[in-house]
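Trainee: The following block contains the structure, expressed as structure tokens.
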Amino acid sequence: MLKISKRNTISRIMIVFGFIILIVSCRSGFKDKWTEEQAPDYFKARFETTKGNFDIEAKRSWSPKAVDRLYQLITHDYFTDISVYRVIPNYIAQFGIHNDSAVTNAWDNVKVIDELVIEKNLKGTISFARGGLQTRTNNLFINLKNNSPRLDTLDYAGVKGFPVVARITNGFQVAESFYGGYGSELDNKQDSIINLGNAFLKRRYSKLDYIHKAYIIK
């Protein structure tokens, strides 16, 4: 009987994984080169939502690679009909799962390297969610209150704190008004949101708010 070497097995796994990534990328229209784009040192953007608009400013010095990712997501129209699926009043409002699982997974496959916390998680700031080493991808949260120093220093699964990438400069009351009646209920149903999209949310969680679109402004 012929034996398959461990090296050959690993090579085959890598080929299959690469093929899967290629299929997902083609379906989503995603291009790897997007994740290499660098944000300006400073930029502003507008988010249009079911509750109105809010504007943000971002400084690359706060978390360079993560601000790059925020800029990439905005400029490549990721934030299109995105649910604000986790709102805990007077704490945070979280969003970032796309209606199309192929789009979510394509961006999720390219992780943002970990960085130190520079700016404090004050009321109105925005940070990427993360659950361990190299897990920042496309999920963000708005601080609805002053969550510093707790979220600046929280030690969890090998990482410390949540680096801020942006700050709301206008329309913070919009973020405060996002529906928070479901609390953290959907935190454990992120797989369902990814796989079933907004149809699942609108059928079972009809009161959620959504981000219609986001774009760079002068």
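Read-outs throughout are calculated quantities, based only on the coordinates presented, and are distinct from any laboratory measurement. This one's a predicted model, so the numbers in the text were calculated from it and none came from an experiment. Cβ sites come from the backbone with ideal geometry, for glycine too, and all protein chains shown count toward neighbours.
Trainee: Could you give every pair whose Cβ atoms fall below 7 Å, whose first residue belongs to region 156-169 and is within 10 Å of Glu57 (Cβ to Cβ), and whose second residue is among the small types (Gly, Ala, Ser) and not in a strand (DSSP E or B), counting only separations of at least 6 or pairs across chains?
Mentor: Note: pairs meeting the criteria are Arg167/Gly124; Ile168/Gly124; Ile168/Ala175.
Trainee: Taking region 64-122 as the region of interest, how many residues are polar (S, T, N, Q), crowded, with 24+ Cβ neighbours inside 10 Å and in a helix (DSSP H, G or I)?
Mentor: 1
Trainee: Checking Ser192 against (1) surrounded by 12 or more Cβ atoms within 10 Å (Cβ to Cβ); (2) within 19 Å of Pro89 (Cα to Cα); (3) free of Cβ contacts under 8 Å to residues at least 12 places away in the same chain, only one condition comes out false. Which one?
Mentor: All conditions are met except number (2).
Trainee: Any residue in region 33-56 that's without any contact (Cβ under 8 Å) to a residue 24 or more places away in the chain and on the phi < 0 side of the Ramachandran plot: show its pairings with residues that are buried (at least 16 other Cβ atoms within 10 Å of the Cβ) and part of a strand (DSSP E or B) at Cβ separation under 8 Å, as long as the two are six or more apart or on different chains.
Mentor: Going by the 8 Å Cβ cut-off, the qualifying pairs are Asp41/Lys59; Tyr42/Ala58; Tyr42/Lys59.
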